[in-house]
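Here the structure is laid out as structure tokens; the discussion comes afterwards.
The values are calculated or read from the model by the stated rules, or taken from the named source; none is laboratory data. A quick note: this is a predicted structure, and the numbers were derived from the prediction, not measured. Here the Cβ is made from the backbone with ideal geometry for all residues, glycine too, and neighbour counts use every protein chain on show. Surface accessibility is based on the protein's heavy atoms, side chains included, excluding ligands, DNA and RNA. Shrake-Rupley method; radii C 1.70, N 1.55, O 1.52, S 1.80 Å.
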Amino acid sequence: MEIAARFGTDGASPRAVHDVVKDLPIYADRPFCLTDGTDGFLDALPFMTKADLRRYFPHGFLRPGTSFASLIASKKVEVVRTSGTSSDRLQVLWDADWWERQEAAALKSHAYIGPRMTGEYTEAVLTTPLCSESVCKTGPATMEERRVDNLLFLNTQHDPSRWTHSDLARMADEIDRFRPAAIEADPVYLAVLARHLRDSRRPVFKFDWIILTYEFVSAIDKTAIRGLFGCPVFEFYGLTEAGVFFLECPKGRHHFCGSDSVVEVFRVTEGDDGWRGLPVNTGEAVVTTWGNSAAPLLRYRTGDLVTVGVDRCACGAPGPTVLSFEGRIRDVIKLPDGKVFTPRLIDDTLFGIPGLAQYVCVQEGPDSMRVDYVSDGPRDPGGEIVSQLHSILGTARVAARSAPFITPEQSGKYRTAVPL
Ligand SMILES: [Zn+2]
């Protein structure tokens, strides 16, 4: 497989990575090349997947003479569960404070956010109550019970389509009382809150900035959020099992922001899996991490597609960038002729249709698609959804069906594209 870009190699040293991984059983059979620089070190390594993490947890991460019980009792390491669907879900090990440390380093490196992260910095968090990184709060809990350090976790139940007007009003009240500098949110969840604030004509709290993370960011949600809150909105890309890697700059590109990690992007070339039609610089992000010494990863396949920009960003920061996050490989829709459509391509096609709030595009047969959509306002976007999708899908059959809401996955995340 060809490499479209490597991010983070300036801060990498093969010796430093080797020191962290060398006595972990999971990597006992890895070929380590310490003589050809970071590129040579990476090139020698095979890929690993989520299935490997599942298979080797926790014994593959226990150094000689260490038991799992003693590791946990030491409080130097914690067990964290990722928020995937049940077949996707993982348990991973985090060094104490590692997540906060690398996340804070990423935010501090940002041209807009960094100078505004003062000692008094506070943040509201709006995502599934299951997957907030350092705390799990489900069911009724008071505002005080949902405050952890400088954070306020707003959500208390899984499915935003079940939020009542009083749930939404409570969240808005709590934001007004807490007065956070910023909010970090799942884009679908925050878009629901934004539309509620708009429709109830309630004064909108002024955040200094908004971070969208946790899942694929639809341009429909991002635009609704930016329009209502009127502050800078940045996407933040990371994985619970691996760390944070990209943060959007004020010019709309995504710069590498990882600590002690490298991201490689492997092109999906014509013919891989019989795929056709992806841009040349679109590929899978593969991460190598050594900052989290409890569970470092070597060439871990994220399953996420990104499109790389090789020219310099207008913000002036050097190096390649990510132009767009294309969605998960498992969500790519493929037609019988081999032509493929990433969730981003479908999202770009449906973006801008008046009256469209949310959708999921389901491939029902090899060349037939059904779009379930939620309207925003009185206008029915169904006809335009069909005609826009026809413009990229050619002769495939497309049907659109209005829905009162779209149900998230068990994990609380949404899929916008579901292939056959
Ligand atoms: Zn930039």
Exercise. List the number of the failed condition for residue 316; all other conditions in (1) assigned by TED's automatic domain parsing to the domain that holds residue 109; (2) part of a strand (DSSP E or B); (3) more than 23 Å from residue 269 (Cβ to Cβ); (4) not aliphatic (A, V, I, L, M) hold.
Key: (2)
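Could you name every one of the helices (runs of 4 or more DSSP H) located completely within the range 16-132 that has at least 3 residues being closer than 27 Å to residue 189 by Cβ?
Working: elements: 37-43, 50-55, 68-73, 98-108.
Ranges flagged: 98-108.
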Quiz item: Among strands (runs of 3 or more DSSP E) lying entirely in the range 144-249, which contain 2 or more residues that are touching a residue at least 12 places away in the same chain (Cβ under 8 Å) and open to solvent by less than 10 Å² (accessible area, probe 1.4 Å)?
Solution: 182-185, 209-212, 233-239, 243-248
Quiz item: Are any residues in the range 250-262 part of a strand (DSSP E or B) and either polar (S, T, N, Q) or within 16 Å of the ligand (Cβ to nearest atom) (or both), and if so, which ones?
Solution: 254, 255, 256, 261
Quiz item: Given the conditions (1) open to solvent by 20 Å² or more (accessible area, probe 1.4 Å); (2) assigned to a strand (DSSP E or B), which single one is not true for residue 363?
Solution: (1)
Self-check item: Among the residues listed as 215, 235, the single one being within 16 Å of the ligand (Cβ to nearest atom) and under 19 Å from residue 416 (Cβ atoms)
Solution: 235
Quiz item: Among the residues of the range 311-346, how many are under 16 Å from residue 279 (Cα atoms), surrounded by fewer than 16 Cβ atoms within 10 Å (Cβ to Cβ) and more than 16 Å from the ligand (Cβ to nearest atom)?
Solution: 1
Quiz item: Just for the range 31-55: of the residues that are of a type in the set (D, E, K, R) and within 15 Å of residue 286 (Cβ to Cβ), which one is least open to solvent (accessible area, probe 1.4 Å)?
Solution: 52
